[in-house]
Every structure is written in structure tokens, then in C-alpha cells.
Amino acid sequence: MAGEKILVVDDEQSMTQFLGIVLRKEGYQVVTVNSGREALDKVKAETFDAVISDIKMPGMDGIQVLQEIKKHDSNIPVVLMTAYASQQSAIDAVNLGAFQYLLKNAKNDEIKLVVRNALEMRRVRSENQFLKRELKRGHEEKAIIGSSEEMTRVFKMVDKVADSEATILIQGDSGTGKELIAREIHYRSRRANGPFVSINCGAIPRDLLESNLFGHVKGSFTGAVKDSPGLFQVAESGTFVLDEVGEMPLATQVKLLRALQEREIIPVGGTQPVKIDCRLVAATNVDLEKEVAEGRFRADLFFRLNVIPLRMPALRQRRDDIPLLVDHFLKRHARGGTCKVVTKEAMELLMKYDWPGNVRELENVMERAMILDEGGSIGPEDLPDKIRFGHSQKGSLVIDSPNMTLDELEKEYILKVLNYTRWQKKRSSELLGINASTLYRKLINYGIEKPAGTRDEGDDIMSDSGEAAA
Ligand SMILES: Nc1ncnc2c1ncn2[C@@H]1O[C@H](COP(=O)(O)OP(=O)(O)OP(=O)(O)O)[C@@H](O)[C@H]1O
Ligand SMILES: [Mg+2]
């Protein structure tokens, strides 16, 4: 329990000194500041487990400090101190979310007890959050489905290596579940409480990639207005995934190799090395051995990454898993408690198809089928032509309403998809096979608006304008 970090705020230095002595004796790390402004700057720059603040201070007072801290992180317990036992300020403080208030003439034991309780609450709150996240992860979408021989082999391997520190290279075609497995490895490792950080090396321009990986120092390039840590540092004590590592430029590969050998990085434009402490997982859907043979990937880096190779089987190599996955996706997208079924004919088609896009493709096909199907059972007519007929037959599309124009049909289908995804931009555009900005344009053209009262699912089509880069 010792070592928790506490911020003490009081305009009177004698008070911050006194509390510093009392709390450090208890084994806590204590940071003291003498104004509300400084307190806020500290809270934004570092992580604290609790804050103790005077109420009456010139400039920003304790109540304002409390409110601002709650905005920043509602989980930090804030204890407010007051010189007088005024009933009103105590009630105000607690109403505004203070953990407790403390009289300035309180005995040392009382101070220690209040702090210990505050820290205990902090611990319980963050544990609860962690458990909730885990539950969500476990029961919602992150379950990894598969009972085929090939997947059993993957699971056994994950069991064996998750808790080691060794670097893992996950190879497999697109959509086979590489990211899912990387997450699983993290959550089963002793680093599970640390961050899970992933970067897509193929999606980021080269100079940005290096500053993302290693960080940069102020002034090292236009736009570098302050020192910035790299993702290697963000992943400190957790797991760092280099996704699409095969796309990394050769020059960056050299720097990565050095980082892995020395266990330290040098920020772009800097000279001072920074120690790194994270578990590395690399993933790729290109054949890295071939890349090495053809000179596009450094052999020495390949051997560094390929300490433990893990190969994700293509879906067509494990067709036994298809019915399980179908069932999984049906359940996951069940609406209002009713779960659709797949007819025998449709299942036969799904088993026969080759799935070049692997599980991701199956997931998309199932979602589309669930939208198209009006009754409760998904039949061949709800599947794409290439699965139904073995190839695309553009001319065979059956239109229920021959009176509709093409535009009307498109509008209706877009609406159907939006309602299905509860207006999630990214999902909807994926299902429609268009990019998000095209979808946005079509919404404006067709005058489609989000109906009032639609629940916001966190990816609001009318307000979300861009995606994160990494
Ligand atoms: N075994 C599985 N069980 C359940 N869902 C899976 C499984 N494998 C993959 N998926 C789902 O398929 C989709 C693609 O998986 P993921 O992103 O892990 O693939 P990937 O191999 O990283 O693909 P890419 O190379 O295109 O990045 C995700 O939505 C994932 O949840
Ligand atoms: Mg991936």
C-alpha cells in the first residue's frame, strides 16, 4: 500500500510542510504546491492517488480546484481542509464531490485515517473499473472463438508464452485475428495491468512513424513545439504491438533493431537515450521470410522479432470453426433478446466458401445478412452473390419494390444500415462498403438526419469528424 502519490495544496507553506512530513512518514510520496493553479498543472501532468487541498486560498480556491480536478479525472479523491468547522462549507464541499473535509487542527491520526480511506476508495474504484472492463472484454466482443485443431494449437501456444517476456511474431492473413490474439497475450501476461498500445506501421508516414515510436524533442522538426514521449514510453510496463511491421521502412528498422538490442530509445532530434520497459509483439500479414529474402526487411531484425513465431491459420483451413463463429456473431448482434437462425442451405454455402478475408469477412457477411433478413431465419437469399453462386451475379438482384428509383432504394438501404448500427459512422460505412466521408455526403444529399432520441453509441455520425491516426 505504501508509495501512493498524494498532492498537497495550501497557500500557507507551513501547512504543506507539516502535511508533507506527516504523510511521508506513512510511506507516501508527497508533492506540495502553494496555489490552486499549480495544483491543476500538477494533476494534469502527473498521476496522483489523492489530493488534499485547503479551501480558502487567494486566486483559485479549494472548491474550484475540486471542480477542475473532477473534470479531469473523477476518480481522484479530493480531501478539502478548512480552518473553521463551518457546517456550510463542509456540505458544499461534499456535495461537489469532495471525498471528505478535514479540520486544519485535526490530530495526526485523524489526518492519516482520512487519507488512508481516500486511497482505499481510489483503489476500489479503479479495481472496479478494471474488472468492468475485463467483464466487457470477456463477455462482449473479445471472445476468441475456435475449437478446430489449428485454433487449439494457437490457444496452447498463447497459454505457454503469454507470461514470458519473449517477443512474439504473429503472422497470418488479413482478418485471421492477429490483433485479437495480441490482446489476449497482453491480458494473460503479468503486464495485464499495464497499458496495451498498438501502432499500425503501414498507416503512418515515415517521419511521423519514427516520432510516434521513439518520441521527439522540442524543435526537432516543424510542428514539434514541445518534447513528446514515444509510444514505447507510453507502453511502459505494458505491451507494445507493432502491427503491419512488414511495412516499416528500412531506415526505421535499423533504429528499431537498436532499440531492441539496447532496451533504450533515442527521441527524434535528441541525444539522451531513454530506457524502455515493455513487452513487444509484432504482427504482419505479409510473409516476412520472403520480405527478408527479397531485401525489403532486415534479417537481423526479423530474428529479433521472431523469437516465438505464432501463425494464425486462414479460415478455410479450419472450416469446422465456421458454424461456431456464425453462432457467435448471431448472438452478438441479437437485438431485443431474439437471436436469428441460419438455414441449413445457407450454412452449407458458408461452409463451402473460401473466405479470403477470413473471420473479418465472415463477420461482415453475417452483419449484412442480419440487416437484410426481415424474418427470423437467414437463408441463401440474404448472402452475397459470391457466396450464394460462387461468383458475383450483378443481374440477379431481386428488388422487392419495383416502383422505387435507384436513389430511393439507396436512401432506404442506408437508413436501414444506420438504424442497425445505431448510427455508428464507422460500422455503417464498412457495411455499405464506402468510406465515411462518402457516407456523410450521401446523408446530406438525401437529407437524412439522426432522429431525436437515438441513443448515442459513442461514434456519432453527425459530430464525429475524424479518426485517430494510431
Ligand atoms: N477467432 C475469432 N473469434 C471471434 N472473432 C474473431 C476471431 N478472429 C477474428 N475475429 C474478428 O475478426 C475481425 C478481424 O480480426 P483482427 O483485427 O484481429 O484481424 P487481423 O489478423 O489483425 O487482421 P488485419 O491483418 O487485417 O489487421 C475482428 O472483428 C475480430 O474480432
Ligand atoms: Mg490487425
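Here, each number is a calculation from the coordinates, and none is a lab measurement. None of these values were measured; they are calculated from a predicted model. As a convention, Cβ positions derive from the backbone with ideal geometry for all residues, glycine included, and neighbour counts pool all protein chains shown.
The table below gives the values:
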{"read-out": "Projected label distance in nm at Ala452 and Gln17, using a 7 Å step from Cα toward the beta-carbon", "value": "6.2 nm"}
{"read-out": "For the chain, share of DSSP beta bridges that run antiparallel, in % to the nearest 5", "value": "15 percent"}
{"read-out": "Centre separation in Å (Cα based) which lies between region 167-188 and region 226-262", "value": "17 Å"}
{"read-out": "Those GluC sites (Glu not before Pro) in region 357-391 that DSSP places in a loop and that have at most 11 other beta carbons within 10 Å", "value": "Glu374"}
{"read-out": "Relative contact order %, the chain, counting alpha carbon pairs below 8 Å whose residues are six or more apart", "value": "11 percent"}
{"read-out": "Length added when fully stretched, Ser377-Lys25, from 0.36 nm per residue minus Cα-Cα", "value": "119.9 nm"}
{"read-out": "Qualifying trypsin sites (Lys or Arg not before Pro) in region 236-315, DSSP loop, other Cβ atoms within 10 Å at most 13", "value": "Arg263"}
{"read-out": "Loop-located trypsin sites (Lys or Arg not before Pro) in region 166-212, at most 16 other Cβ atoms within 10 Å (DSSP)", "value": "Arg190"}
{"read-out": "Debye intensity ratio I(q)/I(0), log10, region 187-306, q values 0.14, 0.17 Å⁻¹ (C-alpha model)", "value": "-0.58, -0.85"}
{"read-out": "Separation in nanometres of the label points that stand 7 Å from Cα toward Cβ, at Glu110 and Leu208", "value": "5.6 nm"}
{"read-out": "Computed Rg/Rh of the chain, alpha carbon atoms with Kirkwood Rh", "value": "1.04"}
{"read-out": "Eligible aspartates and glutamates near Lys275 by straight Cα distance, threshold 18 Å, same-chain separation 8 or greater", "value": "Glu165, Glu210, Asp227, Glu236, Glu262, Glu264"}
